[in-house]
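Accompanying notes for the structure given below.
Computed from the coordinates by the stated procedures, all read-outs in this text should not be read as laboratory data. These numbers come from a predicted model, not from an experiment. Because the Cβ atoms are built from the backbone with ideal geometry, glycine has one as well, and the counts that use them run over all protein chains shown.
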Amino acid sequence: MDYCDWCNLSEEDKRFQVYESKSWFVFLSDEQDYVGRCILVLKRHCNSMSELTDEEWDELRNLVCKVEACLKAVLGAALCNWSCLMNHFYKEEAPDPHLHIHVRPRYDKPIMMNGRIYADSEFGHHYALHKSGVMPEEDREEVFLRLKEWLNR
């Protein structure tokens, strides 16, 4: 998979890796439209959840539990929305998706980060596809450090 971005991550791409298991990477997403938003990426190239091995499924289940517990404990998430859509890959002439799963923590109370308040204005509803708002780099770094410390303890 020479042309797959997920299969060819640079060290810079891995800068926001918060956890790694045998089969999966967990990254803090570039987009922090939902504070603590992460992406779980299968280490091997795989097109669909239906192609996961039993071992990968077991690891995924454990990661879902671990990441969700982390987001609740560290950031106060009330719940987490999980999605594996992969539609973007099918915009290509010859789609070859790489399995990855997004987690969007949802908050029933505002979060305070470095003196700034983040509120989940859509709490109780589907997440917004194009939510506005940019998180300052220092806040993203703070979220990254908190998640990484909790997940790797």
Distance-filtered residues of the stretch 117-151 - backbone nitrogen under 19 Å, label point 7 angstrom along Asp33 Cα→Cβ: 118-137, 140
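Which entries in the list Lys22/Lys109; Lys14/Lys131; Lys43/Lys148; Lys66/Lys91; Lys109/Lys148; Lys109/Lys131 go over 27 Å, if you measure between the two C-alpha atoms of each? It would help to have the intermediate numbers written out before the result.
Numbers: Lys22/Lys109 35 Å; Lys14/Lys131 25 Å; Lys43/Lys148 19 Å; Lys66/Lys91 33 Å; Lys109/Lys148 23 Å; Lys109/Lys131 18 Å.
From the list (Lys22/Lys109; Lys14/Lys131; Lys43/Lys148; Lys66/Lys91; Lys109/Lys148; Lys109/Lys131), the Cα-Cα distance tops 27 Å for Lys22/Lys109; Lys66/Lys91.
What is the Å³ per residue value for the convex hull set by the Cα atoms of the stretch 6-151?
On the way: hull volume 17.8 nm³, N = 146.
Value for the stretch 6-151: 122 Å³ per residue.
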Within the chain, cysteines having no neighbouring cysteine beta carbon under 4.7 Å are Cys38, Cys46, Cys65, Cys70, Cys80, Cys84
What is the sum of charges, Lys and Arg at +1 and Asp and Glu at -1, for the other residues whose Cβ falls under 13 Å from the Cβ of Leu85? +2
Using a Gaussian network model on the chain with a 10 Å cutoff between Cα atoms, which of Glu55, Glu93, Glu142 fluctuates the most? Glu93
With springs only between Cα atoms under 10 Å, which of Lys72, Lys109, Lys91 fluctuates most in a Gaussian network model of the chain? Lys91
Going by average Cβ density within 10 Å per residue, which order do the peptides 134-141, 36-43, 10-17, 76-83 take, highest to lowest? 36-43, 76-83, 134-141, 10-17
Using alpha carbons only, how many degrees (0 to 90, rounded to 10) separate the axis of helix 137-151 from the longest principal axis of the chain? 70 degrees
For the chain, with a Gaussian network of springs between Cα atoms less than 10 Å apart, report the residue from Leu60, Leu85, Leu28 with the top mean-square fluctuation. Leu85
